[in-house]
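A short worksheet on the structure shown next.
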Amino acid sequence: MTEKTYDLFVIGAGSGGARAARIASRHGANVGLAEMAEFGGTCVNAGCVPKKLMVYASEFSRAFKDSKNYGWIVGETKFDWNTLIANKDKDIKRINNILETNMGKTSVDIFKSHARFIDNHTIEVSGQTIKADKILIATGGKPALPSIPGKEHLKTSDNMFHLPAMPSRIVIIGGGYIAVEFANIFSGLGADVTLLHRGDLLLRGFDNDLREMLGNEIIKHPNIDLRLETEIQNVEKEGETYIVHTNKGEQIKCDLILSATGRAPNIDGLGLENTNIQTEENGRIKINDDYQTDEPHIYAVGDVCNRHNLTPVAIKEGHALSDRLIGSMLDRKVDYEFIATAVFSHPPIGTVGLSEQQARDAGHDIDIYKSNFKPMKNTVSGRDERALTKLVVDKKTDRVLGFHMIGDSAPEIIQLAATLLKKKITKEELDETIAVHPTAAEEFVTMREAVS
Ligand code: NDP
């Protein structure tokens, strides 16, 4: 075996790993990078990017319907799954190529292969032995399946992007981001969706008003059957049909079951057992505030750790780590306060800061401002869909603690709200801002009376 040495060796070219490798190389380090699949990780290949393209595809059926009262006569419409998947694949390939080309322009040595620890200081990749001064694990996550009889019949989000045909009857298990987004995608594309969630409201952790409103809006979709407080007990297959048995004695027949019940760290085959690296109870790699594992020269960032499992967070972590470790910019830290997030449902959600409940639990004396309204577009289209904006405000300081919105453009609007929160905006300052009219965003600067 040949042996190579690096200042930094990165395992995984997803959001966190690729950024860390590129920045370390820019700081002059001798960097190696191992990636066994396409560049871009989950986000580019089986997550945010292809999902968003499918969200766009699913929105056309709504647009066709909404256009009628605006005077459009839309002829017969038909959705072709293969066209969507082929064009989606073309675009993902384009992004993979850009990422790989950009990495190729750096001095990073790329190993398109699986990497495995032989011991704390040695990695085996592509039949070569690697020694590195510092090592970064950025291998991301993978879907976790519930332990039920028949779990071998469950599909995960990884499979959704390459199905040979669109199933016409789908059961989705879970009430988190992925379950909600795919329920909306497939219903928009014309499938019949049954969404089974064990809780009494979708999206645990979000503000309760958003959760309630999402549930109310989702059941207005003619082809989504939302069943709350429902657990899946087992799954059988009869011919090409799956039968889902629930705790309520129901049997639901379908062509595909999507399990969207959370994610686990992607550490299989990494050889962690050959190192001093420890894992948390949920299996994620244990790190300190400096992303250092129990083996001080080995670091980990992104979804393989127990932090915020979001692409932009992994990117920030990888960047900050290389700035600190290689660029000697010792003050580079990731600020985890007020991370905005979006759920690409119909209607979509954007949220940042404390929910009403979180603010109360943290001991704040708060005012709540809410506007529940029919978006202007829906008045003429006749679509029975409402929107909600909500502010959580600290009474004592007048500081806004949380911006929450469900309604069209919420994911776009919430990005700037995150900056306002970080800049400690007060309710008075929002009130002083002249509205952009007519928009949904103007609700955030025109809510005058606290509702509680
Ligand atoms: P989430 O953690 O968001 O949701 C998991 C859901 O599955 C919860 O509703 C949970 O219920 C339920 N669940 C967990 N275990 C079981 C079980 N054994 N049986 C039945 N239900 C179960 O995970 P997702 O898989 O939806 O997404 C993974 C992560 O990916 C997200 O947390 C997010 O970080 C990221 N993501 C972000 C997106 C975005 O930014 N738009 C989009 C997609 C993913 P309960 O609430 O009761 O625990």
Residue-count net charge about Lys396 - beta-carbon cut-off 11 Å; Lys, Arg +1, Asp, Glu -1
-2
Could you grab the relative contact order for the range 377-431? Cα pairs under 8 Å, six or more apart, rounded to a whole percent.
31
Each residue of the range 86-100 in turn: what ³J(HN,Hα) in whole Hz from Karplus with 6.51, -1.76, 1.60 and θ = phi - 60°, glycine and Pro shown as x?
4, 6, 5, 4, 4, 6, 5, 4, 4, 5, 3, 5, 4, 4, 5
Once the other residues with Cβ under 13 Å from the Cβ of Gly174 are scored (Lys, Arg +1; Asp, Glu -1), what is the net sum?
+3
Quick one: work out the % antiparallel among DSSP beta bridges in the range 1-137, nearest 5.
35
If you add up the charges near Glu429, with Lys and Arg at +1 and Asp and Glu at -1, over every other residue whose beta carbon is less than 12 angstrom from its beta carbon, what do you get?
0
Degrees, to the nearest 10: 410-422 long Cα axis against longest axis of the chain
70
Karplus couplings for the range 102-110 from phi (6.51 cos²θ - 1.76 cosθ + 1.60, θ = phi - 60°), rounded to Hz, Gly and Pro as x?
4, 5, x, 7, 8, 9, 5, 7, 9
Taking every pair of alpha-carbon atoms in the chain, give the share separated by more than 40 Å as a whole percent.
26
Which peptide among 70-79, 423-432 comes first, and what is the full order, when sorted by highest mean count of other Cβ atoms within 10 Å?
423-432, 70-79
Please enumerate, by chain and number, the lysines with C-alpha under 20 Å from the C-alpha of Lys142, excluding those fewer than 8 residues away in the same chain.
Lys51, Lys52, Lys112, Lys151, Lys155, Lys286
Mean Cβ count within 10 Å, highest first, over the residues of peptides 347-354, 358-365
347-354, 358-365
Amide H of Ala264 versus every other amide H placed in the peptide plane: which residues, excluding those fewer than 5 positions away on the same chain, fall under 5 Å?
Lys142, Ala144
What number comes out for accessible area per residue over the range 104-168 if the probe is 1.4 Å? Units Å², please.
45
Using a 1.4 Å probe over the heavy atoms of the protein chains, calculate the carbon and sulfur portion of the accessible area of the range 182-255 as a whole percent.
37
Nitroxide proxy distance, nm - points 7 Å out along Cα→Cβ at Lys52 and Arg198
3.2
With n ≥ 4 as the cut-off for DSSP H runs, can you work out [θ] at 222 nm for the chain, using -39500 (n - 2.57) per run divided by the number of residues, rounded to the nearest 500?
-9500 deg cm²/dmol
Gain in length, Asn87 to Ala63, computed as 0.36 nm per residue apart minus the alpha-carbon separation, to one decimal in nm?
6.6 nm
For Glu442, residues with placed amide H under 5 Å, excluding near neighbours
Val436
Note down the Stokes-Einstein diffusion coefficient of the range 129-288 in µm²/s, whole number, using a Kirkwood radius over alpha carbon pairs, 37 °C, and 0.692 mPa s.
187
Give me a comma-separated list of calculated 3J(HN,Hα) values for the range 235-248, in order, Karplus coefficients 6.51, -1.76, 1.60 applied at θ = phi - 60°, integers in Hz, x for any Gly or Pro.
10, 10, 10, 10, x, 9, 9, 9, 10, 9, 9, 10, 5, 9
Taking only C-alpha pairs under 8 Å that are 6+ residues apart, what is the relative contact order of the chain in percent?
16
I need to check one value: relative contact order of the range 257-399, counting alpha carbon pairs closer than 8 Å and at least 6 residues apart, in percent.
12
Please sort 248-254, 270-276 by packing, taking for each peptide the average over its residues of neighbouring beta carbons within 10 angstrom, highest first.
270-276, 248-254
Going by accessible area, probe 1.4 Å, with all protein chains left in place, what is the ranking of Ile118, Ile434, Ile185, largest first?
Ile434, Ile118, Ile185
Antiparallel bridges, percent of DSSP beta bridges restricted to the chain (to nearest 5)
60
Hey, what angle do you get for helix 177-189 against the long axis of the chain, alpha-carbon based, 0 to 90 degrees rounded to 10?
60
Share of carbon and sulfur in the accessible heavy-atom surface of the range 330-369 [1.4 Å probe, %]
47
May I ask you to give the solvent-accessible area per residue for the range 252-324, in square angstrom, as obtained with a 1.4 angstrom probe?
41
Amide hydrogen neighbours beyond the local backbone of Asp192, cut-off 5 Å, H modeled
Arg169, Ile170
Gain on full stretching of the segment that runs from Ser328 to Lys253 - 0.36 nm per residue minus C-alpha separation
21.2 nm
Hey, can you find the accessible area per residue of the range 1-66 for me, probe 1.4 Å, expressed in square angstrom?
39
What is the helix-to-structure angle for 208-218, meaning the angle in degrees between its Cα long axis and the longest Cα principal axis of the chain, kept from 0 to 90 and rounded to the nearest 10?
70
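The values are calculated or read from the model by the stated rules, or taken from the named source; none is laboratory data. Just so you know, these numbers come straight off a predicted model, no measurement behind them. Because the Cβ atoms are built from the backbone with ideal geometry, glycine has one as well, and the counts that use them run over all protein chains shown. In case anyone asks, the SASA skips ligands and DNA or RNA and just uses the protein heavy atoms, side chains included. Shrake-Rupley method; radii C 1.70, N 1.55, O 1.52, S 1.80 Å.
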